[in-house]
Amino acid sequence: MRNAGGYATWQDSSGKTIECDTFTCGHCGQVKHVMHMHKQDPSTIGGLCYQCMKNICPKCLATGRCDPFEEKLKRMESRIDARRSYEETWR
Ligand SMILES: [Zn+2]
Ligand SMILES: [Zn+2]
């Protein structure tokens, strides 16, 4: 997922080129597409988290908390490490 703030174009079934901006939500890591065709209300796209200064999706914006994706990954990794050391003690 290296297309944070990227730009994507593709063609639909009628051969029309669709342009869209993409951004990766800084909290859940989901890639969101922002269509140019329909000018979306910025509040439906998401917003900026003022704590980690990342673009975040509406769902994460609604939680009102800063919970960066990198921190989530770190938590997941430490959980795996904890289980691994637990298993080793029982060998
Ligand atoms: Zn999100
Ligand atoms: Zn944040």
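Could you work out how much longer the chain between Lys72 and Thr89 gets when fully extended? Use 0.36 nm per residue separation minus the Cα distance between them, nm to one decimal.
Here the segment from Lys72 to Thr89 would lengthen by 3.5 nm.
Taking R0 as 35 Å, what's the FRET efficiency between Asp12 and Met53 from their Cβ-Cβ distance, rounded to 0.05?
Using R0 = 35 Å, I get an efficiency of 0.55.
Show me 79-86, 9-16 ranked by packing, highest mean number of other Cβ atoms within 10 Å first.
Packing proxy ranking, top to bottom: 79-86, 9-16.
Any read-out appearing in this document is the output of simple, stated calculations on the displayed coordinates, not a laboratory observation. Since the model is a prediction, treat every value here as computed from it, not as a measurement. A quick note on method: Cβ atoms are made from the backbone with ideal geometry, for glycine too, and the neighbour counts reach across all protein chains shown.
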